[in-house]
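So the structure is just underneath, and the comments pick up after that.
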Amino acid sequence: MQSFHRAKPYILVILLQCASGVLNIIIKDALNDGMSQHVLVVYRMAIASVVIAPFAFVLERNSRPKMTLPIFAKIMLLSLFEPVAFHNLFYSGMKHTSANFSAAIFNIVPAITFILAWTLRLEKVKITKLSSQAKIIGTIVTIGGTMLMTFVKGKHLNFPWTNGQHLHQATAIAGTNDKGHFGEGAAMIVSACFIGSAFLILQAFTLKSYPVKLSLTALQCMMGMVESTVLAFAVEQGKTSVWCIQKQRSNIVAVLYGGLYSGVAYYIMALIAKIRGPVFVSASNPLSMIVTTIIGSSFLHEQLYLGRVLGATVIVIGLYLVLWGKSKDQPQQQATETNKVAPNQETTTTRLNDNIDNTDIENATACQETTTKNGSNIGGAHDHAFVVVERTREG
């Protein structure tokens with residue numbers, strides 16, 4: 001049992017990333033069959049809301065703070081960022097590119113989050129510190145890998161498990177993608193990553209005023225469903241047939257699997273982050289890219305090129321540099337937050353013998369990785385906000 005307990009986070013993270021890779025393939029297959037990416041977001045958020053809302057209502061009914069207009073406005077803005085803008089852009093980009101390309105580019109999210117946080121003075125950077133140097137160099141390397149994947153194609157690579165059987169079909173599919181604005185699709189995916197990074201920063205602020213993760217996610221999914229519906233009706237004007245998902249089995253599977261994944265993956269990511277920390281989850285994201293590449297080349301006959309493989313490798317190297325720097329900063333940040341106790345006050349941990357019940361001690365770690373990845377990612381390489389709360393009492 002002790003061995004299983006130690007191996008538990010590794011087992012969960014492997015299952016999570018494998019499920020994420022399968023999700024990428026299922027969504028790409030549905031998009032190839034002609035499903036509207038805008039309708040897919042609506043149905044997926046509807047399923048996710050049904051999955052998450054009951055747990056949020058039951059488990060957080062006593063800890064949920066009062067809803068105010070500023071908090072409601074923040075949640076509306078959150079849902080507009082993700083799932084609405086993020087998923088619609090990401091799926092639109094995937095439609096013009098490939099599942100393995102999308103999964104590889106998604107690994108730049110931590111680097112973009114670092115850039116935005118540094119620009120907004122939310123991230124402290126000291127050039128003399130090794131951790132800050134690692135984050136800066138990792139960000140530069142990640143950007144270079146993205147450019148390499150986008151602009152350098154290189155030689156076509158054959159996989160042992162394909163045996164060249166689908167070369168003609170793969171070439172036809174790749175040619176369609178290139179003619180169908182591959183560069184435009186890549187730009188959409190990168191834009192989605194910027195939006196996902198901005199979402200993480202806004203989410204950190206929202207969790208401080210509304211620190212109930214399940215309820216926040218449920219509200220975000222429900223509002224995202226409404227906003228995505230408005231967008232879908234605006235984009236798909238007069239196309240009532242796009243709302244019928246019974247035409248293709250892949251469409252139904254994408255909606256159901258995507259919605260269920262959003263609910264289950266959220267709980268698993270929170271559980272893993274509580275045991276091993278958020279960097280552990282983000283560091284495992286390249287596994288999803290590998291699974292996507294293997295399944296995509298086998299079942300969707302997606303081609304891989306030398307330049308894009310090298311670019312993906314460079315992105316992963318940059319990702320681990322950024323995450324290593326973040327992991328070195330987190331113990332210092334947590335110690336700083338813990339030591340911030342007001343004068344003439346003392347924590348309840350020193351007053352347990354003074355008729356204070358143990359339940360008054362709250363050590364809450366609020367962490368979120370999205371989604372969206374909910375996402376299709378697509379969950380993934382999200383940074384996490386830590387909020388350490390200590391109930392204090394006048395001395």
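Here are a few things to note about the model shown:
- Residue in the range 94-109 that is touching a Cys at 6+ places or on another chain (Cβ under 6 Å) and surrounded by 18 or more Cβ atoms within 10 Å (Cβ to Cβ) present: yes
- Tallying residues that are at pLDDT 75 or above, open to solvent by 60 Å² or more (accessible area, probe 1.4 Å) and not β-branched (Val, Ile, Thr) within the range 249-286 yields 4.
- Selection count, the range 227-248, where residues are surrounded by fewer than 16 Cβ atoms within 10 Å (Cβ to Cβ) and either modelled with pLDDT of 90 or more or touching a Cys at 6+ places or on another chain (Cβ under 7 Å) (or both): 4
- Residues located in the range 287-298, provided they are open to solvent by 30 Å² or more (accessible area, probe 1.4 Å) and either within 20 Å of the chain's Cα centre (by Cα) or not small (Gly, Ala, Ser) (or both): 287, 290, 294, 295
- Condition check for residue 196: assigned to a helix (DSSP H, G or I), farther than 23 Å from residue 303 by Cα and at pLDDT 80 or above: yes
- Top-ranked residue of the range 68-104 - restricted to ones that are out of contact with any strand residue (DSSP E or B) (no Cβ under 8 Å at 6 or more places or on another chain) and among the aromatic types (Phe, Trp, Tyr), ranked as farthest from residue 215 (Cα to Cα): 101
- Evaluation of residue 18 against (1) surrounded by fewer than 12 Cβ atoms within 10 Å (Cβ to Cβ); (2) modelled with pLDDT of 90 or more; (3) under 25 Å from residue 282 (Cβ atoms) (one fails), failing number: (1)
- Checking each residue in the range 122-138 for being part of a helix (DSSP H, G or I) and in contact with a Phe, Trp or Tyr (Cβ under 6 Å, 6 or more places away or on another chain) picks out 134, 135.
- Top-ranked residue in the range 292-343 [being β-branched (Val, Ile, Thr), in a helix (DSSP H, G or I) and modelled with pLDDT under 80; ranked as farthest from residue 109 (Cα to Cα)]: 338
The values are calculated or read from the model by the stated rules, or taken from the named source; none is laboratory data. Owing to the predicted nature of the structure, the values given are computational and were not obtained by experimental measurement. Cβ: placed from backbone, ideal geometry, glycine included. Neighbour counts: every protein chain shown. Note: areas computed on protein heavy atoms with side chains; ligands, DNA, RNA excluded. Shrake-Rupley method; radii C 1.70, N 1.55, O 1.52, S 1.80 Å.
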